[in-house]
Amino acid sequence: MRVVDADCFHCGLPVPPDSDFLVAIEGVAQPMCCRGCQAVAQAIIDNGLQAYYQYRTEMPESGRERAPQALQKLALYDRPEIQKSFVITPAEHLREATLILEGITCAACIWLNERHLQQLPGVKDAHVNYSTRRARVSWDERELSLSRILQEIQLLGYTAHPYSAQRQQAVRKRERQQDLRHLAVAALCTAQVMMLAVALYAGAGSGIEPQIVKLLRYASLLLTLPVIGYAAVPFYKSAFRAILSRRMNMDVPVTLAIGSAFIGSTWSTLGGRGEVYFDAVTMFCLFLLATRYLERNAREKSTEAVENLLKLAPAMAVRIKDDVQEIVPVVELENGDMFLVKPGESVAADGAVIEGESTADESLLTGESRAIAKGLGDTVIAGSINLEGPLRVRVTGAGENTVLAGIVRMLDRAQSEKPKIAQMADRLAGYFTYGLLVLTALTALAWWWVDPQRIFEASLAVLVATCPCALSLAAPAAFAAASSRLLRRGVLLTRGHALETSSHVNRVVFDKTGTLTYGKPCLQKTEPLAEVDADRCLAIAASLEQASEHPLAASFLAMVDQDRLLTVEQPQNTPGKGVNGVIGGIRYALGNRAHSPLICGNGNGNGAAADDDGVTDVWLCDERRVLAKFSLSDALRPEAVAAVRALRAHGLMVTILSGDSKGAVSHIAHRLGVEDYYWGMRPEDKLAALKKMQCQGEVAAMVGDGVNDAPVLAGSQLSIAMGGGAEVARASSDIVLLTQRLGEVWQALETGRASIRIMHQNFMWAVAYNMIVVPFAALGMVPPWLAALGMSVSSLVVVTNALRLREGKLDDD
């Protein structure tokens, strides 16, 4: 049942059109605006307090009259003109947006937001990136509005708003400053409390007067109050959210340790007997705040490559309309608009050059360090930098529909889709937290029988020393560092399982055309066979090819400048056979050797076929003789040989699956030293061959580029697409090679192996540390201050070890 145009019976706020929250009050189903009001109203009814609704006097005449300004602002995000800057439409009625979440402190916060959003009617998918704090949400606009999604997140105690690089930078700056303030207060107070603690410890053995002890304890209590009341507040908030969601996180035992130690020490101070732990409390807070601050910096450093991408796109653009230039926000650019890119400026949107010549720096997007020449008809990518001359560009993609936005979306998707090892770590950390609380209770019970005076000290040491921070950071830290390293090399991870799967790959399968080769024929040699020189023959051939759409035509036209092309009269193009025409009163024809006797008289040709060495010969004739022979071939990528050699050197098997002819495939295979190759394969044949390998227990990575590769890419355990390939091929892949350098295939596989190795090391360290420290803490051999130090060092070891991936230190350990 849905409620339309009504106010919440409990609070008076407007009920969203898609709300189905109802509570039966005195036999009547009353509408509620959210799950929170429903829960409160139900609690009132269950406790027999329904008279509250009869006697309350504060309800306004209409909830809309007092709707808070925050809700009114959220409603603005439902307006199409605002959504166009950050919302995309993958399918009809389906919307997808990237949001910034403020208030995220740990993995449990991620779980809570994802779980809550995924339960909303109309939400199709919701993932939160732990490293960047960005949430990607897709929903059906017919069932749910964006403002409702933002409101639901706020009801959980978090703040959400549409993503922008500048806004996230401001949020991070504000959070960093807040963290520094908390850290500064904790550090200042801890230093003073530790000085007083030294006096207390030293005085205990030298006969310090009771009045001095009392004074020092009260001074420690006063100095600890700012730490408890201000610096430690983030721990309390996180723990409170976790308890409300009925899910334990690492801040629950932290809050329990801080609160119990402070209350116990305060009780001892006021009573004038027993031990105090103000030094341990302040030190614990300081070390934990310092660890999380360093972890935040390390996390931001590991995602620096992604953030650099997001900063590439400019905020303003020079739009040209009716020959008038105007500076407009980039969000106002639409497909078909024309804009100007001056030298040194970043390109505002994807587009095609319609005027001007220049070079562009696309290194941050593709990893390609060389400047790329841009001229009439060439495509430019949003975020690339125009280096030389001014360009006029026609928009083909703007906002969330650019290549840059697509790269960021795929990377966010990869980082939010947790591999199995990370999911296992999250479950283990949750069980560990519950186990920690049980262990603390058992420790207290044991000391109750042994020495009741040491119950508090031993229990506190167990709580502090075994905090599961390192366990929770083991996988996310390594994954973020590995993703950052690969992105700097032009390798984009698009799926969360890619790193884990790559560590198990034992066979790499390549498509030939467009992957091992460039996918387009190139003129390798011009051989004159008459008194006409090579340049003249090439100019004639290119002029004839102006009338052809055959793939070979582009190879000839690319070799001749436009001003050298000749006028062709009576051009004839017979698909699959060739081209001919009259130039300067003489009929010329282009074709293969088998048709050369017919070319002169009938004008057939270009039914060119590849020889066994993969070279295609095309012949140029006039009315009396053969003038020249042109040799073309689909050139092998220069790094292909080294790439295949590197894969085989590391024990990986290499296979080629191609739809090309036997001669062309065998020629390439022999040059690469690959013995396992197949030719004449349709897409379904490639998929069947891949399935056969998988049935034999092999883990295969498929590397392809074209539309016909999409089925086999989707069917492989690990799919790798060339960045210049078809869009559907990239969408079906787990990894995209933005640079199109085949050498990065092994780099991706090697990084995957190293990241899993680093994750295992982190898990082993976290588990070993806890197994070693727990017995000593439970036996009372670890004082609380030392336990706090050990916990912080444990987390720092995990983060530092993960950062080795970012620095490229992948040697076997």
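Condition test on Thr501, is it among the hydroxyl-bearing types (Ser, Thr, Tyr), within 30 Å of Cys695 (Cβ to Cβ), surrounded by fewer than 24 Cβ atoms within 10 Å (Cβ to Cβ) and in contact (Cβ under 8 Å) with a residue 24 or more places away in the chain?
Yes.
Hey, can you tell me all the residues within segment 131-147 that are surrounded by fewer than 19 Cβ atoms within 10 Å (Cβ to Cβ) and assigned to a loop (DSSP other than H, G, I, E, B)?
Matches in segment 131-147: Glu141, Arg142, Glu143.
Condition check: at pLDDT below 60 and either over 17 Å from Gln524 (Cα atoms) or not acidic (Asp, Glu) (or both). Does Ala608 satisfy that?
In short, yes.
Can you spot a residue in segment 365-380 that is open to solvent by less than 50 Å² (accessible area, probe 1.4 Å), among the hydrophobic types (A, V, I, L, M, F, W, C), touching a strand residue (DSSP E or B) at 6+ places or on another chain (Cβ under 7 Å) and at pLDDT 85 or above?
Checked against the condition, which is being open to solvent by less than 50 Å² (accessible area, probe 1.4 Å), among the hydrophobic types (A, V, I, L, M, F, W, C), touching a strand residue (DSSP E or B) at 6+ places or on another chain (Cβ under 7 Å) and at pLDDT 85 or above, segment 365-380 yields at least one hit.
Looking at segment 67-85 only, could you name the residues that are at pLDDT below 75, of a type outside the set (Ser, Thr, Tyr) and either surrounded by fewer than 15 Cβ atoms within 10 Å (Cβ to Cβ) or not in a helix (DSSP H, G or I) (or both)?
Scanning segment 67-85 gives Ala67, Pro68, Gln69, Ala70, Gln72, Lys73, Leu76, Glu81, Ile82, Lys84.
What single numbered condition from (1) in contact (Cβ under 8 Å) with a residue 24 or more places away in the chain; (2) part of a helix (DSSP H, G or I); (3) open to solvent by 10 Å² or more (accessible area, probe 1.4 Å) fails to hold for Asp535?
Of the numbered conditions (1) in contact (Cβ under 8 Å) with a residue 24 or more places away in the chain; (2) part of a helix (DSSP H, G or I); (3) open to solvent by 10 Å² or more (accessible area, probe 1.4 Å), the odd one out for Asp535 is (1).
For Glu569, indicate whether it is among the acidic types (Asp, Glu) and open to solvent by less than 10 Å² (accessible area, probe 1.4 Å).
no
Determine whether segment 206-221 contains at least one residue that is within 21 Å of Leu463 (Cα to Cα) and surrounded by 22 or more Cβ atoms within 10 Å (Cβ to Cβ).
No, segment 206-221 has no match at all.
Count, please, the residues in segment 235-254 that happen to be buried (at least 20 other Cβ atoms within 10 Å of the Cβ) and assigned to a helix (DSSP H, G or I).
9
Restricting to segment 538-566, name every residue that is surrounded by fewer than 17 Cβ atoms within 10 Å (Cβ to Cβ) and either within 11 Å of Leu620 (Cα to Cα) or of a type outside the set (A, V, I, L, M) (or both).
Those that are surrounded by fewer than 17 Cβ atoms within 10 Å (Cβ to Cβ) and either within 11 Å of Leu620 (Cα to Cα) or of a type outside the set (A, V, I, L, M) (or both): Glu549, Pro551, Asp561, Gln562, Asp563, Arg564.
Sort out which residues of segment 318-337 are open to solvent by 100 Å² or more (accessible area, probe 1.4 Å), assigned to a loop (DSSP other than H, G, I, E, B) and within 18 Å of Gly399 (Cα to Cα), and write them in order of number.
Glu334, Asn335
Could you tell me which residue of segment 382-401 is farthest from Arg136 (Cα to Cα), considering only residues that are open to solvent by less than 10 Å² (accessible area, probe 1.4 Å) and outside any strand (DSSP E or B)?
Per the stated criteria, the residue is Ser384.
Out of the residues in segment 707-724 meeting the condition of being open to solvent by 10 Å² or more (accessible area, probe 1.4 Å) and not polar (S, T, N, Q), tell me which one is modelled with the lowest pLDDT.
Going through the qualifying residues, I end up with Val707.
What is the residue count in segment 753-791 for residues that are farther than 22 Å from Thr443 by Cα and surrounded by 21 or more Cβ atoms within 10 Å (Cβ to Cβ)?
Residues meeting the conditions: 6.
Out of (1) open to solvent by less than 20 Å² (accessible area, probe 1.4 Å); (2) among the polar types (S, T, N, Q); (3) modelled with pLDDT of 85 or more; (4) out of contact with any Cys (no Cβ under 8 Å at 6 or more places or on another chain), the odd one out for Thr282 is which?
The number of the failed condition is (4).
The values are calculated or read from the model by the stated rules, or taken from the named source; none is laboratory data. Because the structure is a prediction, the values reported are computed rather than measured. Because the Cβ atoms are built from the backbone with ideal geometry, glycine has one as well, and the counts that use them run over all protein chains shown. Accessible surface is based on the protein model in full, side chains and every heavy atom, while ligands, DNA and RNA are left aside. Shrake-Rupley method; radii C 1.70, N 1.55, O 1.52, S 1.80 Å.
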